[in-house]
1. I'm trying to understand the selection: among the residues of the range 158-175, which are among the aliphatic types (A, V, I, L, M) and part of a helix (DSSP H, G or I)?
2. When the range 76-128 is examined, which residues are found to be hydroxyl-bearing (Ser, Thr, Tyr), buried (at least 17 other Cβ atoms within 10 Å of the Cβ) and either part of a loop (DSSP other than H, G, I, E, B) or not assigned by TED's automatic domain parsing to the domain that holds CYS62 (or both)?
3. Does TYR145 qualify as being surrounded by 21 or more Cβ atoms within 10 Å (Cβ to Cβ) and either without any contact (Cβ under 8 Å) to a residue 60 or more places away in the chain or among the aromatic types (Phe, Trp, Tyr) (or both)?
4. Return the only residue of ILE131, ILE139 being outside any loop (DSSP other than H, G, I, E, B) and over 15 Å from the mean Cα position of the chain (by Cα).
5. Are any residues in the range 146-190 at pLDDT 70 or above and farther than 25 Å from LEU122 by Cα, and if so, which ones?
6. If PHE75 satisfies all but one of (1) in contact with a Cys (Cβ under 7 Å, 6 or more places away or on another chain); (2) closer than 19 Å to PHE201 by Cβ; (3) at pLDDT 90 or above, what's the number of the condition it fails?
7. Inspect the range 7-14 for any residue being under 19 Å from LEU114 (Cα atoms), surrounded by 10 or more Cβ atoms within 10 Å (Cβ to Cβ) and at pLDDT below 90 and give the result as yes or no.
Amino acid sequence: MPKRHLLRVNKTQRLSKLFSELFLNTSCSICDLEHFISHDIPLCQSCFQKLTWITGNFCLRCGVPFHEENKKQTFCPHCSDELPPFDLCRSILYYHDTTDSLIKAFKYGKNWRLSKYFSRLLFDYYQNHLIKFGHDVIIYIPSHYIKNFKRGFNQSYLLAKGLSNKTGIPCSIELIKKIKESKSQTTLHKEERKLNIAGVFCIDRNRETIKGKKLLIIDDIVTTGATVEEVSSLLREFSPALIHVLSLARTPLGRK
């Protein structure tokens, strides 16, 4: 069979699979047992109700959720001791078992319905809480090219691009690169994470375009904040007007 025909067949198969996932598959993106609520919310009622939304009681700077006993706090201990290099960080969901399963279905299960769902969550949050800042550029946390090759995509880029399409704010594609592969941060504490990612990012192109600009960094999960702090520190060197961070999920205070 001619190579050109093989490529055409493969492309058709990929498009057919994508169409099936987006429009024909009606199972929940987490449990895969029940029917989802709708195409806009690709989760069953039971799994959807297990999601916990961050609606208040968080650090006003870094956005880390507090426990009930910390209701009167305005800043977390970390921000009280030393302000992070970004001006504000906000997240939509508490990061726990259900949220972990949801994001893993997107990152590793390549559930494309969730890309659309997550983009809408980010857009709704942006419209309700962040639009007043008038951001100029959307930036995403890059992955190393080897990880991109293995996974086939960068989840933070898809989220950033989805938000960019909905808001009209340009998404910078080549501003930041991850030049070194770092080991998994899953089991590391904050200081270990900071050491693990030190020097793995660089400002690559269009650096002159961020001076005086209002930047919005998009990531899927913020745990200790080490990654977004590292990227924000790099961006600070080029004098942006402000740096904000928006993520899907955030680990509560006291967890890794």
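1. Just the residues of the range 158-175 that are among the aliphatic types (A, V, I, L, M), to begin with: 158-160, 163, 169, 173, 175.
Those that are among the aliphatic types (A, V, I, L, M) and part of a helix (DSSP H, G or I): LEU158, LEU159, ALA160, LEU163.
2. Within the range 76-128, TYR95 is the sole residue that qualifies.
3. In short, no.
4. Result of the check over ILE131, ILE139: ILE131.
5. Taking the range 146-190 and keeping what is at pLDDT 70 or above, we get 146-147, 150-181.
Selection gives ILE146, LYS150, ILE179, LYS180, GLU181.
6. (2)
7. Within the range 7-14, the first condition is being under 19 Å from LEU114 (Cα atoms), and the residues that meet it are 14.
Among the residues that remain, those that are also surrounded by 10 or more Cβ atoms within 10 Å (Cβ to Cβ) are: 14.
Remaining after also requiring at pLDDT below 90: 14.
Looking for residues that are under 19 Å from LEU114 (Cα atoms), surrounded by 10 or more Cβ atoms within 10 Å (Cβ to Cβ) and at pLDDT below 90, one finds at least one in the range 7-14, hence yes.
The values are calculated or read from the model by the stated rules, or taken from the named source; none is laboratory data. All values derive from a computational prediction rather than experimental measurement. Here the Cβ is made from the backbone with ideal geometry for all residues, glycine too, and neighbour counts use every protein chain on show.
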